[in-house]
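Only one structure is covered here, and it is reproduced in the block below.
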Amino acid sequence: MLRKIKANIPSGSAAIALIGLLLSAGIWSYTISHVRDEAASAVRAEIQKNENLILALEEQTIRIIKNIDQLLLIIKDQVQQNGRSALVGRLVAGNIIDNKIYTFAGVTNANGDVIASTQAIPPYNLRDLDYFQAHMHNPSDRL
């Protein structure tokens, strides 16, 4: 009987080793799969955060552009009703135009001469600039 036990020991050890190897492979497979799932989830979360940030920046940019457009229409309207840039200075002084937000805002005539602005500047003409030419070919009051 002892011989039988000794004869079965090597094959029993091999079976135990094989079971241990299969168990280790299963644990490693599960771990790798779990890490991949966690990484994919983290990437999806970061993509969602970036998409939300992009949407917020886009909305902020649209608000800023609309605000600038509104500001220019106010300046244009006031200049047409009341005259030149002294009025724009009053708009800045009355905090209707916040000169801390805008470095410069102005209105030109059809020739490109700046006729009113938020800052005192020497006579300046925009006629040769691309954006002025674009507005000359599309005479809209909008940006």
Accessible area of Ile47 in the full protein assembly, 1.4 Å probe (Å², nearest 10)
90 Å²
Which length gain, in nm to one decimal place, applies between Leu18 and Ile68 when the Cα-Cα distance is subtracted from 0.36 nm times their residue separation?
10.6 nm
Would you list, by chain and number, the aspartates and glutamates whose Cα falls below 13 Å from the Cα of Lys49, excluding same-chain residues fewer than 8 positions away?
none
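The values are calculated or read from the model by the stated rules, or taken from the named source; none is laboratory data. These numbers come from a predicted model, not from an experiment. Protein only, heavy atoms only, side chains kept; ligands, DNA and RNA dropped before computing areas. Shrake-Rupley method; radii C 1.70, N 1.55, O 1.52, S 1.80 Å.
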